[in-house]
Amino acid sequence: MLGRIHSLESFGTVDGPGIRFVVFLQGCPLRCLYCHNPDTWDPKQTGKYVLSPEELLTEVLRYKSFIAKGGVTVTGGEPLLQPEFLLEFFSLCKESGIHTALDTSGAIFTEAGQKVFDIVDLVLLDVKSIDADQHKKLTGVRIDNTLQSLNYLEEKNKPTWVRHVIVPGWTDDDLLLKRTADYLAPYRCIEKVELLPYHDMGARKYEQLGMEYRLENTSPLSKERLENARNIFRNVGLQVL
Ligand code: SF4
């Protein structure tokens, strides 16, 4: 089983606890309007590397001392497009005593994906919008599988960090933020919520790729609005990163 890998980052600090080796897998069925990595979308492209789980582990082990207090995070694209590869790779990481994290939209909810949830140490679940209509407009896909994934993680008591991007004109709305916070608050598996401010730094990539950037007229989120969102989530008892 070979993995189609878009790129590798040896010293990641924003995708889970500690310093982490970050693996970006190729392919994503979502089309988030604010996506920074549209070059990961096409699942048929091989990406920069095509590696077996063993070969990827060998690459990771070169950095083992640096990531001793962190670990490995697999993100994308949408990593659950390649569940068999993930399962084998995470199993090897565990045998080598390396902490594993999976960054996913939860939009692919399959039996093979559930096995990946079972084995990984931490799930970073990207909840794009709690509003079903807005989720569809923002990502191109329905929210149902993401919510089912969250329920599965709750059932398995899997340590989960929810990630949520606050986008002006979309998710930056007090009523919607409160609705989102209220929805997430009862889940005991959620250790932390990471609220990420929308910024438009991905726009240039679209230009380079000759693609239309559909949030062209959206301004980056202000510090005040980010703090406002954080307070709304804190007020329902969620731990905000
Ligand atoms: S899930 Fe991630 S990679 Fe896929 S479109 Fe959304 S932001 Fe981009």
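Structure notes:
- Extension reserve of the Thr46-Thr110 stretch, reckoned as 0.36 nm per residue once the Cα distance is removed: 20.8 nm
- For Lys205 and Glu191, the difference between the fully extended length at 0.36 nm per residue and the C-alpha to C-alpha distance is 1.7 nm.
- Measuring between alpha carbons in the structure, the pairs from Lys69/Lys128; Lys44/Lys136; Lys128/Lys178; Lys137/Lys223; Lys94/Lys115; Lys115/Lys156 lying more than 18 angstrom apart are Lys69/Lys128; Lys44/Lys136; Lys137/Lys223.
- Under-5 Å amide H pairs with Glu194, H placed in peptide plane, nonlocal only: Val162, Arg163, His164, Leu241
- Temperature 4 °C, viscosity 1.567 mPa s: under these conditions the Stokes-Einstein estimate for segment 1-57, based on its Kirkwood radius over C-alpha pairs, is 105 µm² per second.
- When shorter helices are ignored and each DSSP H run of at least 4 residues is given -39500 (n - 2.57), the per-residue value for the chain at 222 nm works out to -10000 deg cm²/dmol.
- Angle in degrees between helix 174-184 and the longest Cα principal axis of the chain, rounded to the nearest 10: 40 degrees
- Rounded Å value of the spacing that divides the Cα centres of segment 69-88 and segment 143-189: 21 Å
- Full-stretch length increase - Gln148, Lys136 - with 0.36 nm per residue and alpha-carbon distance subtracted: 2.7 nm
- Here's the picture: charge each Lys and Arg Cβ at +1 and each Asp and Glu Cβ at -1 in segment 39-173, and of Ala132, Gly97, His164 the one pushed furthest to the positive end of that dipole is Gly97.
- The charge dipole of segment 1-143, taken about its Cα centre with unit charges on the Cβ atoms of Lys, Arg (+1), Asp and Glu (-1) only, comes to about 260 debye.
Rule-based calculations on the coordinates, nothing more; no lab input. Owing to the predicted nature of the structure, the values given are computational and were not obtained by experimental measurement. Heads up, the Cβs are rebuilt from the backbone with ideal geometry, glycines too, and the neighbour counts pull from every protein chain shown.
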